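Okay, so here's the structure we're looking at.
Taken together, the values in this text are just the output of simple stated rules run on the coordinates, not laboratory data. No experiment lies behind these values; they were computed from the predicted model shown. Cβ sites come from the backbone with ideal geometry, for glycine too, and all protein chains shown count toward neighbours.
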Amino acid sequence: MLCQLAKIATPPKESLPQVHEIEKLSFEDPYPAWYLRALYSLAGNLFIAAYNVEGEIIGYAAAVPKRERVCHIASIAVHPKCRRRGVGRALLESLEELCAAEGYNVCILEVSYTNWPALNLYHSSGYRWFMLIPNYYGPGKHAIAMVKLCRSQVLVEG
Ligand SMILES: CC(C)(COP(=O)(O)OP(=O)(O)OC[C@H]1O[C@@H](n2cnc3c(N)ncnc32)[C@H](O)[C@@H]1OP(=O)(O)O)[C@@H](O)C(=O)NCCC(=O)NCCS
């Protein structure tokens, strides 16, 4: 598999099995296929995939509206063979830009408190811890909720 990032775009629905393969390779408890399809419908253009130069999907990310002006980063994963090459950060930045373009000011997410690659990615991208959620992923599997302003809020107009 080639890992050079060629483009980031919303994949067609027929590509979801490829996305699911990456999901299964990336998580101990992956989303089932039906959940990924539901996420795809809910996220709309906030469901994005990273493509290599041969048009293969090498990573994906998705966000859904949480409440007014708050965008929830629901998932991000990169094929294990293509990690540490900037694909995860490129996906996250693209998703934040799309969230901002849709009018969301705040991006939030949850991450396992033991997931150091993801914690590093988020922290170095400007996310900050705001809450520990005990047992979020199962007994003893705590999550850290993180938040970032995905664009600066206009506090004073005119
Ligand atoms: C988290 C994940 C998406 C990062 O993707 P990636 O393409 O490898 O990340 P990048 O190459 O863009 O790295 C961006 C930053 O993340 C951090 N990072 C990534 N992998 C890391 C690792 N193995 N150890 C420590 N820090 C790591 C670093 O801060 C890195 O910046 P640097 O390269 O300048 O040091 C990827 O590891 C993955 O798919 N993990 C499994 C799924 C997952 O845990 N998703 C997050 C759920 S909350």
Unique residue being under 20 Å from Y31 (Cα atoms), within 16 Å of the ligand (Cβ to nearest atom) and assigned to a helix (DSSP H, G or I) when the list is L92, L121, L109: L92
Checking K66 against (1) away from the ligand (no atom under 12 Å from the Cβ); (2) touching a Phe, Trp or Tyr at 6+ places or on another chain (Cβ under 6 Å), the condition it does not meet: (2)
Residue ID - nearest to the ligand (Cβ to nearest atom), chosen from residues in region 72-88 that are surrounded by fewer than 15 Cβ atoms within 10 Å (Cβ to Cβ) and touching a residue at least 60 places away in the same chain (Cβ under 8 Å): G86
Matching entry among G59, G44 (being surrounded by 14 or more Cβ atoms within 10 Å (Cβ to Cβ), part of a strand (DSSP E or B) and free of Cβ contacts under 8 Å to residues at least 40 places away in the same chain): G59
Selection status of V53, loosely packed, with under 13 Cβ neighbours inside 10 Å and aliphatic (A, V, I, L, M): yes
Residue in region 135-147 that is in a loop (DSSP other than H, G, I, E, B), within 16 Å of the ligand (Cβ to nearest atom), of a type in the set (S, T, Y) and under 24 Å from F47 (Cβ atoms) present: yes
Condition met for E28 (closer than 21 Å to Y122 by Cα, touching a residue at least 12 places away in the same chain (Cβ under 8 Å) and either within 14 Å of the ligand (Cβ to nearest atom) or of a type in the set (V, I, T) (or both)): no
Residue in region 10-19 that is of a type in the set (G, A, S) and within 16 Å of the ligand (Cβ to nearest atom) present: no
L109 vs. criteria in contact (Cβ under 8 Å) with a residue 24 or more places away in the chain and either surrounded by 21 or more Cβ atoms within 10 Å (Cβ to Cβ) or over 15 Å from the mean Cα position of the chain (by Cα) (or both): yes
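Here's the yes/no breakdown for (1) touching a Ser or Thr at 6+ places or on another chain (Cβ under 9 Å); (2) of a type in the set (G, A, S); (3) under 18 Å from Y60 (Cα atoms):
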site: R83; (1), (2), (3): no, no, yes
site: A118; (1), (2), (3): yes, yes, yes
site: W129; (1), (2), (3): no, no, no
site: C150; (1), (2), (3): no, no, no
